[in-house]
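Just so it is clear, none of the values below were taken in a lab; they were calculated from the coordinates. Just so it is clear, the model here is predicted, and its values are computed rather than measured. Note: ideal-geometry Cβ built from the backbone for every residue, glycine included; neighbour counts use all protein chains shown.
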Amino acid sequence: REGYGGSGTFVIKDLREEDKMKILREVLSYPEEFMAQELLNFDTVLSAINDNFYETYADLRFFVFIDVASNTILSRVAPLGSRVTNNSSGGLVKPVWVV
């Protein structure tokens, strides 16, 4: 594993055709260096930046301790146009409002 935090992760269906072909050539040349995973859809959230709203992918992390669940939720939000929520790949952490 060379990358970390989503580095080197590609969502093939989101790539331009020329990038798909480049990755396919790499996979065929060094198949032992790659792994594939079925693309899973996950929820999007509405985010506000500079008074503009946009929908982006997010994952929610709940904190549970030995005998109690915390009322804290960590929300990691992908940059606009991406599915990768890792902070080191440009993802953001956003507050969660439960209404």
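Points to keep in mind about this one:
- Taking Cα atoms only, the orientation of helix 17-29 departs from the longest principal axis of the chain by about 70 degrees.
- Label-point separation in nm, Asn50 to Asn87, each point 7 Å along Cα→Cβ: 2.4
- Region 14-77: relative contact order as a whole-number percent, Cα under 8 Å and 6+ apart: 19
- Of Val27, Val11, Val68, the one that fluctuates the most in a GNM where the chain has Cα springs shorter than 10 Å: Val68
- Helical content alone sets the calculated 222 nm signal of the chain at -4000 deg cm²/dmol, taking -39,500 (n - 2.57) per DSSP H segment of four or more residues and averaging over every residue.
- Sequence-distant aspartates and glutamates (8 or more away, or on other chains) whose Cα lies within less than 15 Å of Lys13: Glu38
- Put a plus charge on the Cβ of each Lys and Arg, a minus charge on the Cβ of each Asp and Glu, and nothing anywhere else: the dipole of the chain about its Cα centre is then about 120 debye.
- More than 19 Å apart - percent of Cα-Cα pairs taken over the chain: 55
- By the beta-carbon count within 10 Å of each Cβ, the least crowded to most crowded order of Asp43, Asp14, fewest first, is Asp43, Asp14.
- Cross-link reach is defined here as a Cα-Cα straight distance under 19 Å, omitting same-chain residues fewer than 8 places apart; for Lys94 none of the lysines meet it.
- The string of couplings for region 70-78 from the Karplus curve (6.51, -1.76, 1.60, θ = phi - 60°) is 6, 8, 9, 10, 9, 10, 9, 10, 6 Hz, one whole number per residue in order, with x for Gly and Pro.
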